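See structure below.
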Amino acid sequence: MSTETFYEVMRRQGISRRSFLKFCSLTAASLGLAPTMAPQIAHAMETKPRTPVIWLHGLECTCCSESFIRSAHPLAKDVVLSMLSLDYDDTLMAAAGHQAEAIIDEIKKKYKGNYILAVEGNPPLNEDGMFCIHGGRPFVEVLKETAADAKAIISWGACASWGCVQAAKPNPTRATPVHKVITDKPIIKVPGCPPIAEVMTAVVTYMLTFDRIPELDRQGRPKMFYGQRIHDKCYRRPHFDAGQFVEEWDDEAARKGYCLYKMGCKGPTTYNACSTVRWNGGVSFPIQSGHGCIGCSEEGFWDKGGFYNRVTDIKQFGVESNADKVGGTIAGIAGAAVVAHAAVSALTKARGGKEDQNKGGK
């Protein structure tokens with residue numbers, strides 16, 4: 001019933017011990033862990049069997065899979081072929097039809113309670129789930145049956161985590177997030193449309209290494225990647241603080257790289273790692289490419305005012321735009337202080353004069 005360990009697979013592929021340890025160090029860095037954690041990762045990969053995974057697809061566009069296979073740290077091929085035992089994924093697997101569906105039953109029986117269920121997309125509930133058919137059956141039925149014996153569930157992307165565009169108003173199919181259908185299993189939400197490739201592989205690596213789910217925020221997302229707003233680490237943040245904004249697409253401010261908040265950027269209200277991990281192997285992210293964040297990792301982002309409308313009214317200090325106002329305020333405070341000082345001085349002198357008169361009279 002056991003499968004090969006990650007290290008056994010790598011050795012069989014001709015990978016040296018030195019390269020294996022280097023891989024563990026790079027993996028620790030991708031997880032945001034200290035270098036001292038590399039030996040612990042190595043030990044886990046040497047001793048623990050690869051984790052069996054069933055990857056299901058509901059209502060979605062496959063952008064999560066497209067993102068996943070482009071991971072660079074670690075490479076998706078290392079995750080799929082070595083770290084995981086990806087036994088079922090109808091998008092990536094060679095088998096099809098009845099042969100493919102038989103694999104699900106085999107995994108459920110052989111690894112009962114020990115496999116991970118990864119879900120890309122969501123189940124529609126209207127018309128008894130007939131808006132999404134999987135192997136001739138409503139996807140919601142397959143989802144429930146497969147989740148019953150799973151160790152944990154990973155909800156890939158905005159579709160599985162929040163419902164995404166399928167669940168946007170008026171939601172005619174009643175597309176429903178995974179956590180509202182499966183309520184008795186630990187669920188790790190990795191939202192985004194799609195999620196960052198390295199975030200996806202890092203979550204899997206963490207679960208394999210430490211044999212537990214990562215620490216989650218109150219919405220069920222891994223804190224290591226969803227613990228800060230994009231706004232907090234955005235390289236355009238100084239322009240926001242200075243009140244320097246793009247007012248129209250391709251205006252002079254846009255050419256200077258000013259803040260995109262007025263153009264609808266949702267960075268101040270979106271929690272994700274885009275501004276730190278970035279995309280395409282760390283090359284760029286939407287804001288760096290000149291387009292504001294659309295908030296795709298947040299719940300109901302399709303229904304929150306559109307891509308180009310601000311959803312908050314954040315009051316920035318605005319050094320540049322408010323310099324005169326700030327200067328005037330400071331001058332006013334200084335003037336009031338001078339007046340107050342003069343009044344106190346006059347009062348003190350008056351009191352001093354009276355005291356001298358009294359002394360002279362005695």
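The values are calculated or read from the model by the stated rules, or taken from the named source; none is laboratory data. Only a predicted model underlies this, so the values are computations on that prediction, with no experimental measurement involved. A quick note on method: Cβ atoms are made from the backbone with ideal geometry, for glycine too, and the neighbour counts reach across all protein chains shown.
Pick out the one residue from 252, 248 that is at pLDDT 95 or above, surrounded by fewer than 19 Cβ atoms within 10 Å (Cβ to Cβ) and out of contact with any helix residue (DSSP H, G or I) (no Cβ under 7 Å at 6 or more places or on another chain). Reasoning before the result, please.
Working: 248 fails: at pLDDT 95 or above.
The match here is 252.
Within segment 88-106, identify whether any single residue is without any contact (Cβ under 8 Å) to a residue 40 or more places away in the chain, within 19 Å of residue 62 (Cα to Cα) and in a strand (DSSP E or B), and answer yes or no.
Taking every residue of segment 88-106 in turn, at least one turns out to be without any contact (Cβ under 8 Å) to a residue 40 or more places away in the chain, within 19 Å of residue 62 (Cα to Cα) and in a strand (DSSP E or B).
Do you know which residues across segment 262-278 are more than 27 Å from residue 201 (Cβ to Cβ) and outside any loop (DSSP other than H, G, I, E, B)?
Scanning segment 262-278 gives 262, 263, 268.
Can you tell me which residue among 171, 122 is free of Cβ contacts under 8 Å to residues at least 24 places away in the same chain and either buried (at least 24 other Cβ atoms within 10 Å of the Cβ) or among the polar types (S, T, N, Q) (or both)?
Working: 122 fails: free of Cβ contacts under 8 Å to residues at least 24 places away in the same chain.
Just one listed residue meets the conditions, 171.
Quickly run through segment 211-236 and pick out the residues that are assigned to a helix (DSSP H, G or I), surrounded by 16 or more Cβ atoms within 10 Å (Cβ to Cβ) and of a type outside the set (Ser, Thr, Tyr). Break it down stepwise before answering.
Taking segment 211-236 as the starting set, the residues that turn out to be assigned to a helix (DSSP H, G or I) are 223-226, 230-233.
Restricting the remaining residues to those that are surrounded by 16 or more Cβ atoms within 10 Å (Cβ to Cβ) gives 224-226, 230-231.
Passing the criteria: 224, 225, 230, 231.
Testing residue 142 on (1) modelled with pLDDT under 90; (2) outside any loop (DSSP other than H, G, I, E, B), one condition comes back false. Which one is that?
(1) is the only condition that residue 142 fails.
Mind telling me which of the residues 154, 213, 187, 196 ends up being in contact (Cβ under 8 Å) with a residue 12 or more places away in the chain, over 25 Å from residue 113 (Cα atoms) and aliphatic (A, V, I, L, M)?
Details: 154 fails: over 25 Å from residue 113 (Cα atoms); 213 fails: over 25 Å from residue 113 (Cα atoms); 187 fails: over 25 Å from residue 113 (Cα atoms).
Matching residue, one of 154, 213, 187, 196: 196.
Would you please name the residue that is nearest to residue 178 (Cα to Cα), looking only at residues in segment 1-25 that are assigned to a helix (DSSP H, G or I) and of a type in the set (A, V, I, L, M, F, W, C)? I'd like the intermediate steps shown before the answer.
Quick first cut of segment 1-25, residues assigned to a helix (DSSP H, G or I) only: 6-12, 17-25.
Now drop any that are not of a type in the set (A, V, I, L, M, F, W, C), which leaves 6, 9-10, 20-21, 23-24.
Working: 6: 29, 9: 33, 10: 34, 20: 36, 21: 37, 23: 33, 24: 32 Å.
Residue satisfying both the conditions and the ranking: 6.
Select from segment 258-278 the residues that are under 30 Å from residue 31 (Cα atoms), surrounded by fewer than 22 Cβ atoms within 10 Å (Cβ to Cβ) and out of contact with any Ser or Thr (no Cβ under 9 Å at 6 or more places or on another chain) and list them in ascending order.
Passing the criteria: only 276.
Of the numbered conditions (1) more than 30 Å from residue 155 (Cα to Cα); (2) in contact with an Asp or Glu (Cβ under 9 Å, 6 or more places away or on another chain), residue 256 fails exactly one; give the number of that condition.
Among (1) more than 30 Å from residue 155 (Cα to Cα); (2) in contact with an Asp or Glu (Cβ under 9 Å, 6 or more places away or on another chain), residue 256 violates only (2).
Out of segment 26-62, which residues are part of a helix (DSSP H, G or I) and either surrounded by fewer than 17 Cβ atoms within 10 Å (Cβ to Cβ) or at positive phi (or both)? Before you say what the answer is, go through the steps one by one.
First, the residues of segment 26-62 that are part of a helix (DSSP H, G or I): 26-30, 35-47.
If the condition is that a residue be part of a helix (DSSP H, G or I) and either surrounded by fewer than 17 Cβ atoms within 10 Å (Cβ to Cβ) or at positive phi (or both), then 26, 29, 35, 36, 39, 40, 43, 46, 47 are the ones that fit.
Does segment 39-68 hold any residues that are at pLDDT below 80 and either of a type in the set (D, E, K, R) or closer than 23 Å to residue 282 by Cβ (or both), and which are they?
Of everything in segment 39-68, those that are at pLDDT below 80 and either of a type in the set (D, E, K, R) or closer than 23 Å to residue 282 by Cβ (or both) turn out to be 48, 50.
Please name all residue pairs, on different chains or six or more residues apart, with Cβ atoms under 9 Å, provided the first residue is in segment 26-46 and is more than 9 Å from residue 209 (Cβ to Cβ) and the second residue is aromatic (Phe, Trp, Tyr) and modelled with pLDDT under 75.
Between residues of segment 26-46 that are more than 9 Å from residue 209 (Cβ to Cβ) and residues that are aromatic (Phe, Trp, Tyr) and modelled with pLDDT under 75, the close pairs are 46/6.
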